[in-house]
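The values are calculated or read from the model by the stated rules, or taken from the named source; none is laboratory data. Quick caveat, the model's predicted, so the values are computed rather than measured. In this analysis, Cβ positions are derived from the backbone assuming ideal geometry, glycine residues included, and neighbour counts consider all displayed protein chains. For the accessible areas, the whole protein counts, side chains as well, though only heavy atoms, and no ligand, DNA or RNA atoms are used. Shrake-Rupley method; radii C 1.70, N 1.55, O 1.52, S 1.80 Å.
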Amino acid sequence: MTNDVVSAGIVIPVRGFQVGKSRLSGELDPACRVALLQWMVEQVLAAARPYPTVVVSSAPEVRDWATSL
């Protein structure tokens, strides 16, 4: 058996806050959908905490938000 080290990391793709969870638009207003998406990403980040993790998005507001965490 060798002592090879395997590194793992997690990439979390996030759609723009204004388009994320759009199927819930009939039930939740835009502010609630943004809050839900942010909460969901925060839960994933908490679960991924032991590993190197990065949030990726083409949406500037998501990148700014993720950087502030």
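Among (i) 1.13; (ii) 0.97; (iii) 1.11, only one was calculated for this model; which label is it, if the read-out is Rg/Rh (Cα atoms, Kirkwood Rh)?
Here the calculated entry is (i).
Between Leu24 and Leu36, what length comes free when the chain is fully extended (0.36 nm per residue of separation minus the Cα-Cα distance, one decimal in nm)?
Additional length available on full extension: 3.3 nm.
Could you sort 22-29, 11-18 so that the peptide with the highest average Cβ count within 10 Å comes first and the rest follow in order? The partial results should precede the final answer.
Working: 22-29: 10.2, 11-18: 14.6.
Packing order, densest peptide first, comes out as 11-18, 22-29.
Between Glu61 and Arg49, 0.36 nm times their residue separation minus their Cα-Cα distance comes to what?
Working: separation 12, 0.36 × 12 = 4.32 nm, distance 2.22 nm.
Gain in length upon complete extension: 2.1 nm.
How many percent of the accessible area of the chain is carbon or sulfur, using a 1.4 Å probe? Working shown, then result.
Values: 2990 of 5210 Å².
That fraction is 57 percent.
For Ser68 and Val5, what is the calculated FRET efficiency with R₀ set at 22 Å and r taken between the beta-carbons, to the nearest 0.05?
The computed FRET efficiency comes out at 0.10.
Under 5 Å between amide hydrogens, which residues at least 5 positions from Thr53 or on another chain qualify, with H placed 1.01 Å from N in the peptide plane?
Amide H to amide H, under 5 Å and 5 or more residues apart or across chains, Thr53 pairs with Ile10.
I'd like to check one number: the per residue accessible area of the stretch 1-58, probe 1.4 Å, reported in Å² as a whole number. Kindly include the intermediate steps, with their values, before the conclusion.
Working: 4470 Å² over 58 residues.
Averaged over the residues of the stretch 1-58, the accessible area is 77 Å².
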